[in-house]
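Everything below concerns the one structure shown next.
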Amino acid sequence: MTTAFIILLLPLVAAASNLLLLRKKANFSAFVSTFSAAICLVLTFGLIRQDDLNNLGSFNWIKIADLKLDIGIELHGLGLGMILVVTLIGFLVHLFSLGYMREDAGKARYFSGLSLFMFSMTGIVFADNLAMMFIFWELVGVSSYLLIGHWYHKNTAAEAAKKAFLVNRIGDFGFMIGILLIWGSFGSVNFVEIEGSLRNGNGNYDKGLLNWSVFCIFCGAIGKSAQVPLHVWLPDAMEGPTPVSALIHAATMVAAGVFMLTKVLFLIEVAPTAASVIQYVGAITALIAALMATQQNDIKKILAYSTLSQLGYMIMAVGFAGLLSGGEVLGEKASNAGFFHLYTHAFFKALLFLGSGAIIYACHHEQNIWKMGGLIGRMKVTSFTFLIATAALAGIYPLSGFYSKDAIMTIAANKPLLLVIGSFVAFLTAFYMTRLCVVVFFGRARSWSSEEAKEVPLLMLVPLLVLTIGAIFAGQTFAYSWFVPSKDIPHPEGVVLPLILTAIAVAGIIAGFFLYRGRDQEPYPVQVLSRKFYLDEIYIILVRIFQDAVAWVAKQIDRLLIDGLLVRGVARLVTEIGSVLRGMQSGNLQGYAFLFGVGVILVLYIINAAIG
Amino acid sequence: MIIDLIVFIPVIAALAIGLGAEGRKTALGAAGANLILGLIVISELMRKGGEELIFETSTVILENPKLTLGFAVDGMSGVLLLLTVIVTFCAVYVSPEKAPDGKVKLYHIAPLLISAGALGAFCSTDLFFLFAFHELALIPTFLMIGLYGHGRDKLAVAWKITIYLGVGSLILLGGLIALYSNLTSAESATFNIADLTAIAETMQLDQEVQKWIFLPLFLGFGILVSLFPFHSWAAPAYASAPTSIAMLHAGVLKKFGLYGILRVAMPMLPKGFEAWEGLILVLLLGNIIYVGFVTISQKYLDRMLGNSSVMHMGYAFLGIACVNHIGWNGAVLMMFAHGISIALLFALCGSLRERLSTLELSEIGGLASKVPFLAVSFGFAAFASIGLPGFANFASEITILFGAFNGAGEVGNLQKAAILALWGVVISAVYMLRAYRNVFQGDSAQGLTLVRRDSLNKIPIILMIVVLLLTGFFPNLILSMLPS
């Protein structure tokens, strides 16, 4: 068994043993999960130092005729960066959870879910083919469902878990169609094999169908990375425990859509129409989500919308891979830019979420920012790390976000409209994060829970501090050149673009600071934004019409037409024939006996005829 | 010899119970023995690859036409045999000692006879007995619903399923007779399925003849599988039937129609299928999409499960319509996976019925903390049913879909149907998660009485979950027995 397979399977073993054997020993099961995450992290470092990344292992899952579906491992370049993000942040979140979930009644179940997630997410990163990608894609969906619904007795949590799963299934519906189209055209789902056929001109694909395939595959990313119009599940997913939000709904799983697109880069390159759709979906998501973030009052919701918006950035950048520029597609440059932002974002957004978790923990599970205030004096370390992360997110030099945002904007500069949208989003980002910080950390304490807040235990501070180092340095060449050479990442030419972007960010910070300084409630309520453009309400109506109403009609048809007319009709007919032939009333079982008798007689007759 | 044993052990046990042997223990002993024998058969099939018939036995009943009571298994029969012995064991296990009216005999004889009938039908080498064994299995099904069913309208339900399946069998019989008389002549008259298939392959009946024989065969088999629009018997029957009967019929006996299509109709009448392909694609979408919506609108857990079982049959038909080994093997895996998972769901539903005063979804709630084992098991079963990776159901669905797109450079009718069918994965997630959320999560419902019964039978539940996971992680265990 290769190291990579151990990294893949160890968390599964931990999840299974927690569920089966350790339910009564919650502390021990927490230890098992955390320990397995630690081992995976150590093994990942080993994997990174390994010279030969071929033949990491493969297992045949299904084989019939030409269909060969494997669980096989492919890992180079961005995959290495991704697996580090998953195991490192995964481990830190386990550590943080030891503190955060210390007194939770369902602790064993929680850690079992975390381990299941680690297994599923590792599978996505390792996948060497689309079918395997889809398998683990669904499994991260399950672990996300289980963890969002961790407090299942709360109606809101149960609903949010269900919603997340169903919305993702809609995306996966498209994803699967895309995979099937690719399989039909190329006779394979293996990344290397498809790319080979494409380069050699093999396979009976046509351009139009290929664009559709890429679009359908992208639907998977729309679901998992919560892009418009399937973004509605992510804010609700904040019902889950906060460490889960940090790991799954900020740093790793929701970024899986971006990562998956980098894996099928060679398809995006030859599907310009679909690529264009990807760019605009990303840009629209970035914009809409940033607008909505400016008017939220729940600290986790603000961060959730921020995540949506940043994911939109990444998706937009990857979409540029299919754009012709100077006779060549942007290709790898664009997808590297998207992934670079994924990488830096993972650190500072996980830090923001864990920080918010620390704040919520300290404020006795208060999540409304207008009930907080003045926390900088009472939670010095947490506040300090949170402010660093905020600056990184806003793209302040020399923190990590500055570099990755530059990379994305350099790519976006190929389409002026998208550059403008991107820049405006950068302003909004700095603005809403400043609003959050000003309200939460400065001013006066607005409730007893924030008055009594005190710094969280060391176990929870360590992950914050480690992530702070990441948030500061992840954008430096030494922090990423081991998996992607610096020359392959787009850097702005000259200082004009970085200067403009910095000015925009500073403007956002200044605006946020002066508008919200000293306020005790939202001074400028904008209904349409705080109600999220009424999209949830609209969707509920759509579901009522297209699902519940159709279902009701179908049920009536079933009851009246099929059951009523057809069946009763036939039943009456048979009864009539039966009674005519036998001249007696028909009972339940006699009816069948009669039919059976007819059958037997007919068979005997045929045999007889054949013999005769 | 071993297959004869497997078929007749339940019959002998049923006779013994009839003569006064202890009901549940005898049934459980017979089912357990069959489970072990079934595993022996499967291990032999795995060793030999399942292409050829093995363990063949025959007793000649008539010389001309050649009518023999004979049994054998190849891969496909073997998979269904395994399904039958597993579900029988579990169904007998969850049955209480006594029927609600205190009687014992029929209550334990019926499942055994159903099992014997299904085993005989799946393993018969002879067309006549393939049909006859299935008929044998239907009678106890009707009786049990009529006598021990739930609900006030159990007699009406028993009557309905009787009529429905009776008519289906009759149409099927007509088709079989037409097939038989077209394929054989006075000199070469035979009921042997392998011989008939060989004759059909060399003889190549006219397209037109195939077309009109295929229709009654497909409809007849189809009605037995609750093919749309002949599906409305299934949900009420399963909701009304005693737990063990619902498990055995939905899990095992219903697969007979699919087995028949794959064993008889498709190999012997390939052009007949081509003639009706369009219609069949529409009907199977009726199963998946239309019945899917009907399932969403159900208000009772048992009805919902019954409808979901109808819906999933659409995927099996889709696999058959692929007309390639990928699709067909997927369909066989689907029969197995669905058989186990629906039996599991009905077993759990039965446990809930014993504990609750109602199964109306809006009246139940928050049970997870009160019956944790049931909640976790139901979670596994629900995840299996909606086709999550890790369970055999997912492996079968993905195989069928890949079969539909095998070598398809363009999107034809089959591919369009497959895409529409894929929407079913959203539909099934909607009703399953909704039900799970209503029953187990959220607030505890007001005024819900939870009757504590004696401890739950965990063994069959765990067994079925393990089987689903094992074949989901390693579907090649099943697939390697099937031709490719």
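The values are calculated or read from the model by the stated rules, or taken from the named source; none is laboratory data. Since we're looking at a predicted model, the values are computed, not measured. Because the Cβ atoms are built from the backbone with ideal geometry, glycine has one as well, and the counts that use them run over all protein chains shown. Just so you know, the surface numbers come from the protein's heavy atoms only, side chains and all, with ligands and any DNA or RNA stripped out. Shrake-Rupley method; radii C 1.70, N 1.55, O 1.52, S 1.80 Å.
General observations
This table checks each residue for (1) crowded, with 23+ Cβ neighbours inside 10 Å; (2) not in a loop (DSSP other than H, G, I, E, B).
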{"site": "A:ALA430", "(1), (2)": "yes, yes"}
{"site": "A:MET433", "(1), (2)": "yes, yes"}
{"site": "A:GLY443", "(1), (2)": "no, no"}
{"site": "A:GLY470", "(1), (2)": "yes, yes"}
{"site": "A:PHE478", "(1), (2)": "no, yes"}
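- Test for B:GLY174: is it in contact with a Ser or Thr (Cβ under 9 Å, 6 or more places away or on another chain), open to solvent by 10 Å² or more (accessible area, probe 1.4 Å) and farther than 30 Å from B:LEU5 by Cβ: no
- Across the range B:364-387, the qualifying residues are those that are farther than 15 Å from B:LEU345 by Cβ and part of a loop (DSSP other than H, G, I, E, B), and the one among them that is nearest to the other protein chains (Cβ to nearest Cβ) is B:GLY366.
- Some residue of the range B:355-362 being surrounded by fewer than 19 Cβ atoms within 10 Å (Cβ to Cβ) and among the hydrophobic types (A, V, I, L, M, F, W, C): no
- Every condition in (1) without any contact (Cβ under 8 Å) to a residue 40 or more places away in the chain; (2) outside any loop (DSSP other than H, G, I, E, B) is met by A:TYR205 except one, and the failing one is (2).
- Of all the numbered requirements in (1) open to solvent by less than 30 Å² (accessible area, probe 1.4 Å); (2) assigned to a helix (DSSP H, G or I); (3) within 14 Å of chain A (Cβ to nearest Cβ); (4) aliphatic (A, V, I, L, M), B:ILE289 misses one, and that requirement is (1).
- Boolean, B:GLY390 is within 21 Å of A:PHE134 (Cα to Cα) and either surrounded by fewer than 22 Cβ atoms within 10 Å (Cβ to Cβ) or more than 9 Å from chain A (Cβ to nearest Cβ) (or both): yes
- Residues within the range B:203-231 that are without any contact (Cβ under 8 Å) to a residue 60 or more places away in the chain, crowded, with 24+ Cβ neighbours inside 10 Å and within 13 Å of chain A (Cβ to nearest Cβ), tallied: 1
- The residues of the range B:150-163 that are at negative phi and open to solvent by 20 Å² or more (accessible area, probe 1.4 Å), listed by number, are B:HIS150, B:ARG152, B:ASP153, B:LYS154, B:LEU155, B:ALA156, B:TRP159, B:LYS160.
- Complete set of residues in the range B:60-75 that are more than 9 Å from chain A (Cβ to nearest Cβ) and open to solvent by 10 Å² or more (accessible area, probe 1.4 Å): B:VAL60, B:ILE61, B:GLU63, B:LYS66, B:LEU69, B:ASP74
- Single residue of the range B:29-55 satisfying the filter (open to solvent by 40 Å² or more (accessible area, probe 1.4 Å) and in contact (Cβ under 8 Å) with a residue 60 or more places away in the chain) that is nearest to B:PHE122 (Cα to Cα): B:LEU53
- The C-beta contact set for the range B:182-199 (first residue in the same structural domain as B:LYS211 (by TED's automatic domain parsing), second residue among the small types (Gly, Ala, Ser) and open to solvent by 20 Å² or more (accessible area, probe 1.4 Å), distance under 8 angstrom, 6+ apart or interchain) comprises B:THR184/A:ALA610; B:ALA186/A:ALA610; B:ALA189/A:ALA610; B:ILE199/B:SER188.
- Filtered residues of the range A:149-165 (kept if touching a residue at least 40 places away in the same chain (Cβ under 8 Å), more than 16 Å from A:ALA256 (Cβ to Cβ) and not aromatic (Phe, Trp, Tyr)): A:GLY149, A:HIS150, A:LYS154, A:THR156, A:ALA157, A:GLU159, A:ALA160, A:ALA161, A:LYS163
- Any chance B:LEU227 is closer than 18 Å to B:LYS160 by Cα and out of contact with any Gly (no Cβ under 6 Å at 6 or more places or on another chain): yes
- Residue satisfying condition, being open to solvent by 10 Å² or more (accessible area, probe 1.4 Å), at pLDDT 90 or above and among the hydroxyl-bearing types (Ser, Thr, Tyr), within set B:THR184, B:THR243: B:THR243
- Every residue from the range B:403-421 that is open to solvent by less than 20 Å² (accessible area, probe 1.4 Å) and within 19 Å of A:ALA554 (Cα to Cα): B:ALA421
- Any hit, the range A:179-190, residues being in contact (Cβ under 8 Å) with a residue 12 or more places away in the chain, among the aromatic types (Phe, Trp, Tyr), open to solvent by 10 Å² or more (accessible area, probe 1.4 Å) and at the interface with chain B (Cβ under 9 Å from one of its Cβ atoms): no
- With respect to the conditions (1) surrounded by fewer than 24 Cβ atoms within 10 Å (Cβ to Cβ); (2) under 28 Å from A:SER97 (Cβ atoms); (3) touching a His at 6+ places or on another chain (Cβ under 8 Å), A:GLY377 falls short on a single one, namely (3).
- Summed over the range B:472-484, residues that are closer than 17 Å to A:ALA16 by Cα and either buried (at least 24 other Cβ atoms within 10 Å of the Cβ) or polar (S, T, N, Q) (or both) total 0.
- Some residue of the range B:125-137 being more than 14 Å from chain A (Cβ to nearest Cβ) and within 29 Å of B:GLY70 (Cβ to Cβ): yes
- The range A:53-112, residues that are within 14 Å of chain B (Cβ to nearest Cβ), surrounded by 18 or more Cβ atoms within 10 Å (Cβ to Cβ), under 24 Å from A:VAL142 (Cα atoms) and hydrophobic (A, V, I, L, M, F, W, C): A:TRP61, A:ILE62, A:LEU69, A:ILE71, A:ALA108
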